[in-house]
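Shown next, in structure tokens, is the structure this report addresses.
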Amino acid sequence: MTHLRLEQLRKHFGATVALDGIELEVQPGEFLVVVGPSGCGKSTLLRLIAGLESPTSGEIYFNGNPISNLPPQRRDVGMVFQNYALYPHMTVAENLAFPLRVRKVPTAEIHQRVRQIAALLGLEGLLERFPRELSGGQQQRVAVGRALVRSPRVFLFDEPLSNLDTRLRMEMRAELAALQRRVGITTLYVTHDHTEAMTMGDRIAVLEHGRLLQVGRPAELYSDPAELFVATFLGTLPINTIAGVLDAADGTLLFHTRDAALTLPLEPDILRKQPPSLPMNATLAIRPEHVLPSSEAQVQLTVERVEYLGHESIASGRIGGSVPLTMRLPPTAELTPGTTIGVRFDRTGMFLFDADGNRL
Ligand code: ATP
């Protein structure tokens with residue numbers, strides 16, 4: 001199994017800084033998901049590891065050995081792209097065998113490997129079909145199989161599920177993650193889809209503008225985000241963000257909304273570090289499931305919209321007259337637009353960030 005390490009990896013395209021000093025370690029057999037919005041440098045990262053691009057500076061190590069000078073074919077990585085072009089004139093078996101044929105592997109061994117991979121991926125009944133005779137999910141599995149047939153040292157996935165419909169994507173998410181665990185090959189998987197990241201990764205690395213903001217287990221990133229971007233990027237329902245001013249009076253920490261219509265007292269232990277000076281501009285972020293209806297209300301929410309989703313309802317409205325706020329409710333909650341309810345913020349889902357988006 002391969003330990004992958006990226007050391008101060010940088011890639012510039014002219015004036016564009018695609019990757020800005022990436023430091024990352026992927027443990028042997030680990031499934032690490034790199035997640036970030038379009039253009040943040042995800043594909044560039046994989047292309048550097050595969051050897052399809054050269055870094056501007058920095059180094060990539062496999063088990064402690066630098067690989068930047070190795071050509072792609074000597075790095076032994078298996079890569080699956082978003083557009084996993086299968087060879088249309090070849091059967092599934094021929095597609096799977098192709099990477100072995102070009103490496104002049106003996107025919108008997110090729111047959112054996114293809115049979116093994118087909119069994120692993122549930123493709124046994126499809127070996128004589130052509131790609132056009134397969135569903136999207138089956139084609140996708142063949143593409144994975146083609147990368148896996150050689151047991152590469154590292155697996156690189158570049159948004160391999162984005163062409164599939166929602167249902168198939170969900171199925172393939174689980175299948176791919178289970179398959180990776182079975183074969184135990186160190187894997188770097190990039191996606192812009194936060195759900196994919198949360199459900200598939202042993203750990204997640206959040207990338208923005210070529211910088212790694214935070215690396216950790218999904219639950220860590222969700223419940224303890226280091227930056228505002230991480231807090232807003234993860235979660236099926238966007239986190240509430242309230243712009244305002246952090247201040248203190250008589251030993252109590254206070255958060256005033258920007259128009260000062262609302263003041264919230266905060267527990268001092270919400271701060272992970274001491275603010276440089278007060279008052280200061282800050283953002284208070286609170287997850288919708290941590291806004292709770294309460295008889296000991298901190299704020300009044302005037303409800304404007306209620307969306308019933310079957311397993312839950314989402315209510316959105318305003319606090320302090322102008323600040324938008326969304327909350328998750330049990331589906332049984334009966335709320336009608338126009339009503340005002342008292343809510344409180346649960347400490348565990350509340351975070352403070354400075355004006356640069358760094359956690360306070
Ligand atoms: P997407 O999710 O849209 O595929 P990404 O996160 O994979 O995006 P990259 O494709 O890695 O992003 O691109 C990172 C940045 O580098 C972008 O600003 C992109 O325009 C730029 N870039 C990538 N490849 C090149 C290139 N060959 N020449 C010039 N600029 C490039």
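The values are calculated or read from the model by the stated rules, or taken from the named source; none is laboratory data. If you're wondering where the values come from, they're calculated on a predicted model, not measured in any experiment. Note that each Cβ is placed from the backbone with ideal geometry, even for glycine, and that neighbours are counted across all protein chains shown. Quick note on the areas: whole protein, heavy atoms, side chains included, nothing else; ligands and nucleic acids left out. Shrake-Rupley method; radii C 1.70, N 1.55, O 1.52, S 1.80 Å.
The label point for E25 and the one for T339, both projected 7 Å from the Cα toward the Cβ, are 5.3 nm apart.
With all protein chains kept in place, the per residue accessible area of the chain amounts to 46 square angstrom at a probe of 1.4 angstrom.
Counting only DSSP H runs of at least 4 residues, each contributing -39500 (n - 2.57), and dividing by the residue count of the chain, the helix-based mean residue ellipticity at 222 nm comes to -7000 deg cm²/dmol.
Between the C-alpha center of the stretch 183-215 and that of the stretch 46-117 there is a gap of 21 Å.
Extension gain, R318 to L52: 0.36 nm times the residue separation minus the Cα-Cα distance gives 90.8 nm.
Rounded, prolate or oblate, given the Cα gyration tensor of the stretch 106-186, with a/c below 1.5 counting as rounded? It would help to have the intermediate numbers written out before the result.
Values: a/c = 2.00, a/b = 1.22, b/c = 1.64.
Oblate, since a/c reaches 1.5 and b/c is not below a/b.
Taking the radius of gyration and the Kirkwood hydrodynamic radius from Cα positions alone, what is the Rg/Rh ratio for the stretch 4-233, to two decimal places?
Working: Rg = 17.7 Å, Rh = 18.2 Å.
Reported Rg/Rh, Kirkwood definition of Rh: 0.97.
Once you reduce the stretch 308-360 and the stretch 233-286 to the center of their Cα atoms, the two points are 15 Å from each other. The alpha carbon gyration tensor of the stretch 212-360 gives principal lengths a ≥ b ≥ c with a/c of 1.5 or higher and a/b no greater than b/c, which makes the shape oblate.
Computed with a 1.4 Å probe over protein heavy atoms only, the accessible area of V154 comes to about 0 Å².
In whole percent, how big is the carbon plus sulfur part of the accessible area of the stretch 177-334, probe 1.4 Å, protein atoms only? Please list the in-between numbers first.
On the way: 3780 of 7390 Å².
Heavy-atom surface of the stretch 177-334 belonging to carbon and sulfur, 1.4 Å probe: 51 percent.
Would you mind calculating the relative contact order of the chain from Cα pairs under 8 angstrom and at least 6 residues apart, reporting the percent as a whole number? This gives 16 percent for the chain. Rounded to the nearest whole angstrom, the semi-axes of the ellipsoid equivalent to the stretch 1-69, taken from the Cα gyration tensor as √(5λ), stand at 20, 15, 9, largest first. A simple count of charges around V92, restricted to other residues whose Cβ falls under 15 Å of its Cβ and scoring Lys, Arg +1 and Asp, Glu -1, yields +3.
Modelled spin-label separation between T263 and H12, with each label point placed 7 Å from Cα along the Cα-to-Cβ direction: 5.0 nm. Classify the stretch 13-125 from the C-alpha gyration tensor, please: rounded if a/c falls under 1.5, else prolate or oblate depending on whether a/b exceeds b/c. Because a/c hits 1.5 or more and a/b exceeds b/c, the stretch 13-125 counts as prolate. With the charge dipole of the chain set up from +1 on Lys and Arg Cβ and -1 on Asp and Glu Cβ about the Cα centre, the Cα lying farthest toward the positive end among the listed residues T91, I185, L32 is that of T91.
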